[in-house]
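Q: Before anything else, here's the structure in question.
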Amino acid sequence: MATVVMTSLDSKSRAASRGLSDIKIRNLFIIPTILFLIVFNIFPLIYSLGYSFTDFRASTNAPATFVGLQNYRELLNDPFIWANFAITAKYVIVSVTGQVVVGFGTAMLLNREIPFKGLITTLLLLPMMLSMAVVGLFWKLLYDPSFGIINYALGLGSFEWLANPDMALYAVAITDIWMWSPFVMLLSLAGLSAVPRHLYEAAAIDRAGPFYTFFRITLPLVAPILMIAIIFRTMEAFKTFDLAYILTSQPTTEVISIRLYKMAFQEWQTGRSCALAYIVLIMVLAITNIYVKYLNRVKER
Amino acid sequence: MRKTVAGLMAGIGFMFACATSAQSQELTIFWAEWDPANYLQELVNEYEAETGVKITVETTPWADFQTKAFTEFNAKGSAYDMVVGDSQWIGAASEAGHYVDLTEFFNKHKLNDVMAPATVKYYSEYPANSGKYWSIPAEGDAVGWSYRKDWFEDPKEMEAFKAKYGYDLAPPKDWKQLRDIAEFFHRPDQKRYGIAIYTDNSYDGLVMGVENAIFSFGGELGDYSTYKVDGIINSEKNVKALETYRELYGFTPPGWAKSFFVENNQAITENLAAMSMNYFAFFPALVNEASNPNAKVTGFFANPAGPEGHQYAALGGQGISIVSYSENKEEAMKFLEWFIKDETQKRWAELGGYTASAKVLESEEFQNATPYNKAFYETMFKVKDFWATPEYAELLIQMNQRIYPYVTAGQGTAKEALDALAKDWNATFKKYGRQ
């Protein structure tokens, strides 16, 4: 039945008069995309898997020799790499939690009748539309201990946001929260406006308190869409590069993608960096899978 | 109809002919984005006026200069005909065949005698003492210091300094005086700080800064011919030098943990620090009143001597090489013949470039041309450089990883940092079969 539906091309249409069938049109659209994906995604992915078992360096003409699992073994035994992973994990937790709290909170505030609601929502979305590099550069100025407006506004004197090794990662996370909370807000707002009004009315009749209403009605109904926002933000935060790279060069903010970049394009250890990229890929896949499992459970409820 | 087609074909043919002839008359030089690149553009404009060959100096910020150049090399791209590459690239670029061998050109023009010896040794020759040359010294450079003459010559300050330290306040002659003066002028409550040093760990900034201390304290990074590092990089002298550098960090302006040449010049222009470390290449901006409101009261001195009287400075600067994948190698060679002429080198110095030509450097005219040229001339005969082996980038990153937390955050001790570094370097050299 499905195939019948798919191949029914209106016999009077211009496409049909030119002798094009449904299948032909489908191929015309899909084949270039698939070719593109194979050439630019699948092929490099498989090719780099091969490189990850060699000592290949793109900067020399020396042929690549097979070294088996040596790259993986050495990387997983390198304390600096583990430190990079720990930093990345800390960054993901701080940044995504911050975005969810701020984004969801703003969405709750906006989910009522207020004047200029459309305008306010649009303005709040602006940070997300800026380029990462530009955001990094101007937050660097905002954080400056000598003339930055943040220290001036908060009366912190010459507090060193970016030069202080303990603070720098939080400073980067704050910038990320500022930039991406609107994304969480937007998705939450869509979820919130879909909650049926009559549920709140029923809760009000039963004299449910605001906390009870929030945890028993609002949160469960928004949870699936909020989970999607969290999945996206976690994946992005895990891969973060630009903000941390531009804002500071503290070893305490060297997230895994910065280490990977240095290994691949400054040291030109191509084989080893392929192995590291695969380790990162496997981790992201694992984390995403856990989320998706959880998301399905939430949906079933 | 046939006529139109014929006309069209002729037009297309003409277009191609123009395009190819224009191409052979154009050369591209790749360099980092800084003032000397602008001076070089001015110089090559004169070459164009003379010969009709148009040369463009293409630039990119320092932070990704290395990455961009090597990405192009590795792809065997012909976008750049020549590159003014960093001295430490020479091992990697020559071993991989990215640079054209210039030994014949070098010997034919006796450049060994024409250019200052240190520049030939570090910018052109690889491996060390092999007699093989890969580039022509183009921009000589080293680290020097600028200072605030008005602060130093203030009678009240001079009196207070003498009372506290027992000797006259003047540009420091050794690292002990450098430390004392930095401490003396460090007054955070007045928003005035003692000293500006390099701390940026994204490329070679911090390492260059620390090298100034290490070399002047009589230390070395290792034995460049045997790759031995044990007891050299972690020697007593180097530990002392690193401790002194860490101490100086305490007298820098707030947030000085990612600073390189831009910030260090700002330290002088924005009245932040009494003394500032920087490459000579950035000093023209400091004597220019348009870019430095304190131009009239800015002085310069060479890197001071260490406790045992050794006086060295970290080498910067670059040589110009021809890229193997260029389609205009002959045209590029002709340009180099013009570039090494005495009059060109003299003009290069006049425009603000730091010539490596010994004849120009030794001339009275050059040494008196600016307040810092004499210090530059003296420094260029006592410079030392980082490893130039193909795996230098790994060595650089390892050094940054080990010393940055100690210098900027006081984590661990200097001895621990350097011992760990010796271990890292040994492992790297072992991996590449150098030892």
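The values are calculated or read from the model by the stated rules, or taken from the named source; none is laboratory data. This structure is a prediction, so every number in the text was calculated from the model and none was measured. Cβ placement follows ideal geometry from the backbone for every residue including glycine, while neighbour counts extend to all protein chains displayed. Ligands, DNA and RNA are excluded from the accessible area calculation, which covers all protein heavy atoms including side chains. Shrake-Rupley method; radii C 1.70, N 1.55, O 1.52, S 1.80 Å.
Results for (1) touching a Ser or Thr at 6+ places or on another chain (Cβ under 9 Å); (2) closer than 27 Å to A:Glu254 by Cβ; (3) in contact (Cβ under 8 Å) with a residue 24 or more places away in the chain, shown as yes or no for each residue.
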| position | (1), (2), (3) |
| --- | --- |
| B:Val239 | yes, yes, yes |
| B:Glu243 | yes, yes, yes |
| B:Glu247 | no, yes, yes |
| B:Thr252 | yes, yes, yes |
| B:Trp256 | yes, yes, yes |
| B:Ser259 | yes, yes, yes |
| B:Glu270 | yes, no, no |
| B:Ala274 | no, no, yes |
| B:Phe283 | yes, no, yes |
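Q: Only one of (1) surrounded by 18 or more Cβ atoms within 10 Å (Cβ to Cβ); (2) within 21 Å of the chain's Cα centre (by Cα) fails for A:Ala275. Which number is that?
A: All conditions pass for A:Ala275, except number (2).
Q: Would you check if A:Tyr200 is of a type outside the set (Lys, Arg), assigned to a helix (DSSP H, G or I) and at pLDDT below 90?
A: Yes: the conditions hold for A:Tyr200.
Q: Does region B:418-432 hold any residues that are open to solvent by 10 Å² or more (accessible area, probe 1.4 Å) and not charged (D, E, K, R), and which are they?
A: B:Ala420, B:Asn426, B:Ala427, B:Tyr432
One line per residue, one yes/no per condition, for (1) more than 22 Å from B:Thr199 (Cβ to Cβ); (2) of a type outside the set (Val, Ile, Thr):
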{"residue": "A:Val135", "(1), (2)": "yes, no"}
{"residue": "A:Ala153", "(1), (2)": "yes, yes"}
{"residue": "A:Trp161", "(1), (2)": "no, yes"}
{"residue": "A:Leu169", "(1), (2)": "no, yes"}
{"residue": "A:Leu187", "(1), (2)": "yes, yes"}
{"residue": "A:Leu192", "(1), (2)": "yes, yes"}
{"residue": "A:Glu201", "(1), (2)": "yes, yes"}
{"residue": "A:Ala204", "(1), (2)": "yes, yes"}
{"residue": "A:Thr218", "(1), (2)": "yes, no"}
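Q: Something else: Is it the case that A:Val39 is under 31 Å from the mean Cα position of the chain (by Cα) and either closer than 30 Å to B:Ala69 by Cβ or surrounded by 11 or more Cβ atoms within 10 Å (Cβ to Cβ) (or both)?
A: Answer is yes for this residue.
Q: Within the group A:Asp166, A:Asp144, which residue is open to solvent by 60 Å² or more (accessible area, probe 1.4 Å), acidic (Asp, Glu) and closer than 22 Å to B:Tyr249 by Cβ?
A: That would be A:Asp166, the only listed residue that is open to solvent by 60 Å² or more (accessible area, probe 1.4 Å), acidic (Asp, Glu) and closer than 22 Å to B:Tyr249 by Cβ.
Q: Among the candidates B:Lys164, B:Lys149, B:Lys110, B:Lys156, which residue alone is without any contact (Cβ under 8 Å) to a residue 12 or more places away in the chain and at negative phi?
A: The match here is B:Lys156.
Q: B:Phe106 versus (1) more than 16 Å from the chain's Cα centre (by Cα); (2) within 20 Å of B:Asp141 (Cβ to Cβ); (3) more than 14 Å from chain A (Cβ to nearest Cβ); (4) buried (at least 20 other Cβ atoms within 10 Å of the Cβ): which is the lone unmet condition?
A: Here B:Phe106 clears every test but (2).
Q: Now for a separate question. Among the residues of region B:39-55, write down those that are farther than 12 Å from B:Phe335 by Cβ, surrounded by 15 or more Cβ atoms within 10 Å (Cβ to Cβ) and without any contact (Cβ under 8 Å) to a residue 40 or more places away in the chain.
A: B:Gln41
Q: Okay, moving on. I'd like the full set of residues that are surrounded by fewer than 22 Cβ atoms within 10 Å (Cβ to Cβ) and on the phi < 0 side of the Ramachandran plot, limited to region B:203-221.
A: B:Glu220
Q: Please determine whether any residue of region B:165-186 is of a type outside the set (A, V, I, L, M) and within 14 Å of chain A (Cβ to nearest Cβ).
A: The answer is yes, given that some residue of region B:165-186 is of a type outside the set (A, V, I, L, M) and within 14 Å of chain A (Cβ to nearest Cβ).
Q: Look at region B:213-258 and say how many of its residues are within 14 Å of another protein chain (Cβ to nearest Cβ), touching a helix residue (DSSP H, G or I) at 6+ places or on another chain (Cβ under 6 Å) and modelled with pLDDT under 95.
A: Residues that pass the stated criteria total 1.
Q: Output the residues belonging to region B:232-259 that are in a loop (DSSP other than H, G, I, E, B), over 20 Å from B:Ala388 (Cα atoms), open to solvent by 10 Å² or more (accessible area, probe 1.4 Å) and not hydroxyl-bearing (Ser, Thr, Tyr).
A: B:Gly250, B:Phe251, B:Pro254, B:Gly255, B:Trp256, B:Lys258
Q: I would also like to ask the following. Only one of these is within 14 Å of chain A (Cβ to nearest Cβ), open to solvent by 30 Å² or more (accessible area, probe 1.4 Å) and outside any helix (DSSP H, G or I): B:Gln401, B:Gln435, B:Gln411. Name it.
A: Sole residue among the options that is within 14 Å of chain A (Cβ to nearest Cβ), open to solvent by 30 Å² or more (accessible area, probe 1.4 Å) and outside any helix (DSSP H, G or I): B:Gln411.
Q: Identify all residues within region B:136-154 that are in a loop (DSSP other than H, G, I, E, B), crowded, with 24+ Cβ neighbours inside 10 Å and at pLDDT 95 or above; write none if there are none.
A: Result: no residue meets the conditions.
Q: Need a quick list: helices (runs of 4 or more DSSP H) entirely within region A:213-265 having at least 2 residues that are more than 14 Å from chain B (Cβ to nearest Cβ), surrounded by fewer than 19 Cβ atoms within 10 Å (Cβ to Cβ) and not small (Gly, Ala, Ser).
A: Output list reads A:219-238.
Q: Then there's this: Inspect region B:192-199 for any residue being open to solvent by less than 10 Å² (accessible area, probe 1.4 Å), within 22 Å of A:Lys262 (Cβ to Cβ) and within 14 Å of another protein chain (Cβ to nearest Cβ) and give the result as yes or no.
A: Checked region B:192-199: at least one residue is open to solvent by less than 10 Å² (accessible area, probe 1.4 Å), within 22 Å of A:Lys262 (Cβ to Cβ) and within 14 Å of another protein chain (Cβ to nearest Cβ).
Q: Let me confirm something: among B:Glu72, B:Glu95, which residue is farther than 23 Å from B:Asn328 by Cβ, within 14 Å of chain A (Cβ to nearest Cβ), surrounded by fewer than 20 Cβ atoms within 10 Å (Cβ to Cβ) and at pLDDT below 95?
A: B:Glu95 is the lone residue from the list that is farther than 23 Å from B:Asn328 by Cβ, within 14 Å of chain A (Cβ to nearest Cβ), surrounded by fewer than 20 Cβ atoms within 10 Å (Cβ to Cβ) and at pLDDT below 95.
Q: Is it the case that region B:260-267 has a residue that's surrounded by 16 or more Cβ atoms within 10 Å (Cβ to Cβ), within 14 Å of another protein chain (Cβ to nearest Cβ) and more than 26 Å from B:Asp189 (Cβ to Cβ)?
A: Yes.
Q: Looking at region B:75-86 only, could you name the residues that are among the small types (Gly, Ala, Ser) and surrounded by 24 or more Cβ atoms within 10 Å (Cβ to Cβ)?
A: Result: B:Gly85, single match.
Q: Could I ask something else about it? Condition first: more than 10 Å from every other protein chain (Cβ to nearest Cβ), in contact with a helix residue (DSSP H, G or I) (Cβ under 8 Å, 6 or more places away or on another chain) and over 14 Å from B:Pro137 (Cα atoms). Now tell me which residues in region B:78-92 satisfy that.
A: B:Ala79, B:Tyr80, B:Asp81, B:Gly91
Q: Same structure, new question: Please find, within region B:268-281, the residue that is nearest to the other protein chains (Cβ to nearest Cβ) out of those that are part of a helix (DSSP H, G or I) and under 10 Å from B:Ser146 (Cα atoms).
A: Among residues in region B:268-281 that are part of a helix (DSSP H, G or I) and under 10 Å from B:Ser146 (Cα atoms), the one nearest to the other protein chains (Cβ to nearest Cβ) is B:Ile268.
Q: Exactly one condition in (1) farther than 20 Å from B:Thr389 by Cα; (2) over 22 Å from the mean Cα position of the chain (by Cα); (3) not in a helix (DSSP H, G or I) is not met by B:Ser130; state its number.
A: (1)
Q: Determine whether region B:180-188 contains at least one residue that is in contact (Cβ under 8 Å) with a residue 12 or more places away in the chain, open to solvent by less than 20 Å² (accessible area, probe 1.4 Å) and of a type outside the set (A, V, I, L, M, F, W, C).
A: Yes, because at least one residue in region B:180-188 is in contact (Cβ under 8 Å) with a residue 12 or more places away in the chain, open to solvent by less than 20 Å² (accessible area, probe 1.4 Å) and of a type outside the set (A, V, I, L, M, F, W, C).
Q: Then there is this: Can you tell me which of (1) under 30 Å from A:Val172 (Cβ atoms); (2) aliphatic (A, V, I, L, M); (3) surrounded by fewer than 15 Cβ atoms within 10 Å (Cβ to Cβ); (4) modelled with pLDDT under 95 is the one A:Ala86 doesn't meet?
A: (4)
Q: Run down A:Leu192, A:Leu243, A:Leu199, A:Leu276 and say which single residue is over 30 Å from A:Leu45 (Cβ atoms) and touching a residue at least 60 places away in the same chain (Cβ under 8 Å).
A: A:Leu192
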